[in-house]
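Would you mind keeping the following structure in view while I ask a few things?
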Amino acid sequence: MFKHTSKPVKILLRPRPHPHYHLLLSSFTSPLLLTPNPTTRTKTSLPPRPKPPPDSEIEESYLKGSGPGGQKINKTSSAVQLIHIPTGLVVKSQATRSRSQNRIIARRLLAEKLDNLRNGDESRAAVVGLRKKKRADSAAKKSRRKYRKLEEQEKLQEQQQSPSTSDSPDKPSTTTSTK
């Protein structure tokens, strides 16, 4: 995860924040400086975002839009369709009215689809989806645990209240009144 470097030791001297210790200095020394190693991934980091394929592998065409947006979207050719020639994947983007923004979005979508195709469960989208699923499962488990605990507490309260009223039959009063 970290690689060791043989750079000199850094010492940080700074005044103490407390007013009575204005003459004292605090310091931090480290015999080894640790820097992140770019070749290894930590358990919590995501895979890098996929890069779009080169233009030589893409066939690009512009189509007329469809759907909401009225006559303007039906008249202009702002929708972008990309075909990845080696795999035959087809991606169409009509997210915006701008052709250049649609090109960028379509290339990003194509890169994600190729990443899913090549890497499968290790692709960025799969890792993100797995994290979301784990988070949702954890929240559901926490909720189930919470409500199960509440039900148990209610049952205990009912059991504590019911034996005291059902076990003691009505006793006649032993006090006598004198007239």
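Lysine pairs in region 55-122 with Cα distance under 14 Å, only those 8 or more apart or on different chains: how many are there?
For region 55-122, qualifying lysine pairs total 4.
Here's a follow-up. Taking 41 Å as R0, compute the FRET efficiency from the Cβ-Cβ separation of residue 160 and residue 140 and round it to 0.05.
FRET efficiency, residue 160 to residue 140: 0.85.
Local charge sum around residue 125 (other residues, Cβ-Cβ under 13 Å, Lys/Arg +1, Asp/Glu -1)?
+4
Going by amide H atoms built from the backbone, whose H comes under 5 Å of the H on residue 87, apart from near neighbours?
none
For region 141-155 and region 107-128, what is the separation of their Cα centres, given in Å?
39
Efficiency by 1/(1 + (r/R0)^6): what FRET value for residue 62 and residue 130, r their Cβ-Cβ distance, R0 = 41 Å, to the nearest 0.05?
Working from the Cβ atoms, E equals 0.70.
Under unit Cβ charges (Lys, Arg +1; Asp, Glu -1), what dipole magnitude, rounded to 20 debye, does region 55-122 have relative to its Cα centre?
Magnitude of the dipole: close to 620 debye.
Here's something else I'd like to know. Put one equal scatterer on each alpha carbon of region 92-149, apply the Debye formula with no solvent term, and list log10 I(q)/I(0) at q = 0.14, 0.17, 0.18 1/Å to two decimals.
Ignoring solvent entirely, the Cα scatterers give -0.60, -0.70, -0.72.
Scaled to the compact-protein estimate 2.2 N^0.38 Å, what is the alpha-carbon radius of gyration of region 55-122, rounded to two decimal places?
1.20
Still on this model: Mind giving me the FRET efficiency for residue 95 and residue 71? R0 is 30 Å, r the Cβ-Cβ distance, nearest 0.05 is fine.
Using R0 = 30 Å, I get an efficiency of 0.95.
Values in this text are rule-based calculations from the coordinates and carry no lab data. Owing to the predicted nature of the structure, the values given are computational and were not obtained by experimental measurement. No Cβ is skipped: glycine too gets one built from the backbone with ideal geometry, and neighbour counts run over all protein chains shown.
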